[in-house]
Amino acid sequence: MAETLSDDRPLTLEDLAAWFAAGSKPRQEFRVGAEHEKFVFHAADHQPVAYEGPSGIKALLEGMMRFGWTPTVERGPSGGDVLIGLNRGMENISLEPGGQFELSGAPLLTMHDICEETGRHLEEATAVAAELGLGFLGLGFSPLWRRDDVPVMPKGRYKIMRRYMPLVGSLGLDMMFRTCTVQANLDFADEADMVAKFRVSLALQPIATALFANSPFVEGRPSGFLSSRANIWTDTDVARTGMLPFVFADGFGFETYARFALQVPMYFVKRDGRYIDVAGRSFADFIEGRLPELEGERATIKDWADHISTIFPEVRLKQYLEMRGADGGPVSRLCALPALWTGILYDPAAQAAAWDLCKHWTAEDRAGLSRDVPRQALGAMVAGRPVRDVAHDMVAIAREGLKRRNYLSGGMVDESNYLGELEDIAESGFTAAERLLQLYDGPWRGDASRVFETFAY
């Protein structure tokens, strides 16, 4: 769909829903996109890294260019270009609010391709980082830094979000500056396929959160949560986060999600490379040309796509579905996250079996699960059943789905190989977060900074 409508009429609800529907594709064209974030720190003292300076985030981005990455820039406050990311084909490296370094991978066919892409990126990034005296850490929440310790990156949308976040929740700034996640993006064939995938993945997203729990520390001490990252989302902005009960209601579809997104307050409008602060304004008013900041100007489909990117539920609908419930972690779990969801959502029998795990859960069950998992992870309960048992079944279902896909590596190993660590976690009930706490109480002797030495990339 074009960015503007040829007859200059206002966008309709049908136009907005059609934007989502345009992502539909034949099953043979399904691909998976993997994303992950990691903290950047100074190796000498474990402190966060500013944008400017000889060993800053900008220098890290510039150093990556020798591997064929090209710069992504936006116009800065003074009119000059600001380096905010890199791209190479369909891969992107983006600049997150607190300098977290994110790879958004290309849409790829197999988990072997994804793990190769991830490994190549980390090899390149760690080579440049070592030259600058920097390191990378894969956790869900910064283990040491206070919010005020973290430098702010010079990206226009983040200035707007910094102002607005404290107005709608107490933890939004922590989300921006002190969290890292790993994500998988998957396709749908049509509206019915989207609905089925949205429901099963949203219901089971807290189970993935439990399996990937890896952030038990805040400011150097145990926080009381096994996923401090997941806890942050409970008080970030209720209008744009959470478990979306309407997804499970009769009649849910593209238009329902469009209606929801219309009710989510805006952050910004982007014009001529600049971000215009319209935080709190109504997109419906923008459609009618009633934004005071852009008097008489109507929203385009591109504005709608930008707005959708500012909504943060546990599963997000764009022109594909984003799985958003996991803490950052080591390479093994960076590959495991897309493998888990691919095994469930790209094999019809696996998807049906996964739905059988959760289809009887009530809205109260799902809300309670989402509330309890950040603190208890696999120790939580849902509908009278231990989350550990549900996780065990979920991983087993994904394994069978990946086996049936039968995509083999050069060594003739199928994609289920990437689930090994999750199987160990589900079998033992012992998460990565609990391992960190065991180290903290044992050989680390209460020194959470040891995580930078033990678990850096």
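The numbers here are math on the coordinates, done by the rules we state, and not lab data. All figures in this text were calculated on a predicted structure; none of them were measured in a lab. Every residue, glycine as well, gets a Cβ built from its backbone with ideal geometry; the counts of neighbours run over all protein chains shown.
Among V168, V315, V395, which comes first, second and so on when ranked by fewest other beta-carbon atoms within 10 Å?
In order of increasing Cβ crowding within 10 Å: V168, V315, V395.
Given a cut-off of under 8 Å on Cα pairs at least six residues apart, what relative contact order in percent is computed for segment 13-454?
Relative contact order, segment 13-454: 20 percent.
Considering only DSSP beta bridges whose two residues both sit in segment 190-346, what percent are antiparallel, to the nearest 5?
75 percent
How much FRET efficiency would the formula 1/(1 + (r/R0)^6) give for S332 and S449, where r is the Cβ-Cβ distance and R0 is 30 Å, rounded to 0.05?
The formula returns an efficiency of 0.85 here.
Just tell me which aspartates and glutamates come within less than 14 Å, Cα to Cα, of K159; anything on the same chain fewer than 8 places away is out.
Of all the aspartates and glutamates, those that pass the test against K159 - Cα under 14 Å, at least 8 places apart if same chain - are E74, E96, D277.
Would you kindly calculate the translational diffusion coefficient of segment 2-94, applying Stokes-Einstein with the Kirkwood radius from alpha carbon pairs, for 37 °C and a viscosity of 0.692 mPa s, and quote it in µm² s⁻¹ without decimals?
188 µm²/s
For M65 and K25 in the same chain, what is the full-extension length gain: residue separation times 0.36 nm, less their Cα-Cα distance, in nm?
Full extension from M65 to K25 adds 11.1 nm.
Only four residue types carry charge here, +1 at the Cβ of Lys and Arg and -1 at the Cβ of Asp and Glu. Report the dipole size of the chain about the Cα centre in Debye, rounded to the nearest 20.
Charge dipole, the chain, about its Cα centre: 520 debye, nearest 20.
So what is the 222 nm mean residue ellipticity for the chain from helices alone, if each DSSP H run of at least 4 adds -39500 (n - 2.57) and you divide by all residues, rounding to the nearest 500 deg cm²/dmol?
Rounded to the nearest 500, the figure is -12500 deg cm²/dmol.
In nm, to one decimal, how far is the modelled label at F430 from the one at D356, with both set 7 Å along Cα→Cβ?
3.2 nm
How long, wide and thick is the chain, going by the Cα atoms along their three principal axes, in whole angstroms, largest first?
For the chain, the Cα spread along each principal axis is 64, 54, 44 Å.
Work out the charge dipole of segment 13-454 with +1 on the Cβ of Lys and Arg and -1 on the Cβ of Asp and Glu about the Cα centre, then indicate which of T310, I114, S170 is farthest towards its positive end.
S170
For segment 267-408, what is the convex hull volume of its Cα atoms per residue in Å³?
That works out to 181 Å³ per residue.
Could you compute the FRET efficiency for L13 and S78, with r as their C-beta to C-beta distance and R0 at 51 Å, rounded to 0.05?
Efficiency, rounded to the nearest 0.05: 0.80.
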